[in-house]
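Here's the structure, in structure tokens; my notes come after.
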Amino acid sequence: MHERTALVERSTLETVIRVKLNLDGQGLLTTQDGEGFFNHLLAALCKYALWDLDLAQKGDLHVDQHHLVEDIGLCLGQALRQALGDRAKIRRFGWSMVPMDEALVQASVDLAGRSTMAMDYEPTADRVGQFDVRLVREFMDAFAQRAGMALHLVFQRGYNDHHVLEAAFKALGWALRDAVSLDPRRSGVPSTKGCLD
């Protein structure tokens, strides 16, 4: 089996990002900069997807968190798409429902190459710590678009935004772990059309 890894770099006047992704890792996030709570969410995603992510990130946080969060989503989505290659033998679909205390979130993904993102999250506050929780939607949309993924997040219940968002990223991690897993019974791409995209 070939290594399912990717290296993506993005440099603009707003952000400088380097993503090194291993889909068959141990679930480790390595990063030093960025926004603390958002890094916490990315660590949860990696832990449950069993991805190793080495993330170097610098952005104009003195202006806003938006550019950095969105651009990380773009780079991570591009890295996922590259690491999957032709997507032969993957399971393609993944689904998970994760509770965290009072919160319950469902994540469903399809790695067919067509991009869409739907989520019904309505935050109860503007921020968790210093993180603008409205930017989760920007991250998820950018991630799904660049990955070529249909991503659906259904927020069943919860009133603590920390719990709700952490449950969402954990559920997404579990769903992606399933979707990128290799199916030993499959010989080609998982599609009745014989191709993905």
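The values are calculated or read from the model by the stated rules, or taken from the named source; none is laboratory data. Every value quoted in this text rests on a predicted model; they were computed, and no experiment measured them. Glycine gets a Cβ as well: all are built from the backbone with ideal geometry, and neighbour counts include every protein chain shown.
What to note about this one:
- Cβ separations smaller than 6 Å between residues 6+ apart or across chains give the following pairs from region 100-127 residues that are touching a residue at least 60 places away in the same chain (Cβ under 8 Å) to residues that are of a type in the set (Ser, Thr, Tyr) and in a strand (DSSP E or B): Ala107/Ser96.
- Evaluated against (1) in contact with a His (Cβ under 9 Å, 6 or more places away or on another chain); (2) crowded, with 18+ Cβ neighbours inside 10 Å, Leu80 falls short on exactly one condition, (1).
- Conditions (1) surrounded by fewer than 19 Cβ atoms within 10 Å (Cβ to Cβ); (2) closer than 17 Å to Val164 by Cβ; (3) more than 15 Å from the chain's Cα centre (by Cα): number failed by Arg137: (3)
- Applying the criterion of being surrounded by fewer than 17 Cβ atoms within 10 Å (Cβ to Cβ) and touching a strand residue (DSSP E or B) at 6+ places or on another chain (Cβ under 9 Å) to the residues of region 48-65, the residue that is modelled with the lowest pLDDT is Asp64.
- Exactly one residue out of Ala118, Ala44 is buried (at least 19 other Cβ atoms within 10 Å of the Cβ) and among the hydrophobic types (A, V, I, L, M, F, W, C), and it is Ala44.
- Qualifying residue in region 180-188 (condition: assigned to a helix (DSSP H, G or I), modelled with pLDDT of 95 or more and either farther than 25 Å from Glu9 by Cα or small (Gly, Ala, Ser) (or both)): no
- Note on region 3-45: residues that are touching a Gly at 6+ places or on another chain (Cβ under 7 Å) and more than 16 Å from Gly77 (Cβ to Cβ) total 4.
Conditions tested, residue by residue: (1) at pLDDT below 95; (2) crowded, with 21+ Cβ neighbours inside 10 Å; (3) on the phi > 0 side of the Ramachandran plot.
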{"site": "Asp101", "(1), (2), (3)": "no, no, yes"}
{"site": "Thr124", "(1), (2), (3)": "yes, no, no"}
{"site": "His152", "(1), (2), (3)": "no, no, no"}
{"site": "Leu165", "(1), (2), (3)": "no, yes, no"}
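- Residue count for region 44-62, restricted to those that are touching a residue at least 24 places away in the same chain (Cβ under 8 Å), part of a loop (DSSP other than H, G, I, E, B) and over 11 Å from the mean Cα position of the chain (by Cα): 3
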